[in-house]
Amino acid sequence: MRNELIALSGKWREWNQGVDKNYDEYRREAIELMRRRHLGAVERSGLLQKDAPIFFKQFMEQLDRKPRGA
C-alpha cells in the first residue's frame, strides 16, 4: 500500500525523484503520504481508486466503520 501511495503522490504533484535527496525523503514520510492520500480521496477519488486500489478499499471500509457525528 505504501508503494501505491508513493507512486500516486507523483501524479498529484510533480516530483522528480532522485534530483533532491532531502525532498525525496520528505515526500516519502508517512505524514506527507497521509496528507496527500486524504487530499486525493477528496479531490481525485477516481484517480485514487484506479491507481491505489488497495488503499482506496481499506480507506472506504474505515469510513464505513466510523461512528456518525465523530
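The values are calculated or read from the model by the stated rules, or taken from the named source; none is laboratory data. Quick caveat: nothing in here was measured; it's all calculated off a predicted structure. Every residue, glycine as well, gets a Cβ built from its backbone with ideal geometry; the counts of neighbours run over all protein chains shown. These area figures cover heavy atoms from the full protein model, side chains too; ligands, DNA and RNA do not enter into them. Shrake-Rupley method; radii C 1.70, N 1.55, O 1.52, S 1.80 Å.
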Next on the checklist: For the chain, what does the accessible surface come to per residue with a 1.4 Å probe? Please give it in Å².
Outcome noted: 74 Å²
Checklist entry - Hey, got the dipole for the chain? About the Cα centre, +1 on K and R Cβ, -1 on D and E Cβ, debye to the nearest 20? => result 280 debye
Item to check | Alpha-carbon spread of the chain, three principal axes, descending order, Å | outcome: 44, 23, 19
Checklist entry - For helix 30-43, what angle does its Cα long axis make with the longest principal axis of the chain, in degrees from 0 to 90 and rounded to 10? => result 60 degrees
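At 1.4 Å probe size, with the rest of the protein present, what percent of the exposed accessible area of the chain is carbon and sulfur atoms?
Details: 2700 of 5180 Å².
Percent of accessible area from carbon and sulfur atoms in the chain: 52.
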Checklist entry - Whole-Hz Karplus ³J(HN,Hα) for the stretch 8-14, in order, using 6.51 cos²θ - 1.76 cosθ + 1.60 and θ = phi - 60°, x for Gly and Pro? => result 5, 4, x, 7, 6, 9, 3
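Got the relative contact order for the chain handy, in percent, Cα pairs under 8 Å and 6 or more residues apart? Could you put the intermediate results ahead of the total?
Values: 36 pairs, mean separation 25.4, N = 70.
RCO, the chain: 36 percent.
Taking K and R as +1 and D and E as -1, what net charge do the other residues with C-beta under 15 Å from the C-beta of residue 29 add up to?
Numbers: positive: 2, 13, 21, 27, 28, 35, 36, 37; negative: 20, 24, 25, 32.
The answer is +4.
State the number of lysine pairs found in the chain whose Cα atoms come within less than 25 Å, restricting to pairs 8 or more positions apart or on distinct chains. If you can, show how the numbers build up before the last one.
On the way: 11/21; 11/50; 11/57; 50/66; 57/66.
Final tally of qualifying lysine pairs is 5.
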Checklist outcome for this item: Only helices counted: for the chain, with every DSSP H run of 4 or more residues adding -39500 (n - 2.57) and the sum spread over all residues, [θ] at 222 nm is -22500 deg cm²/dmol
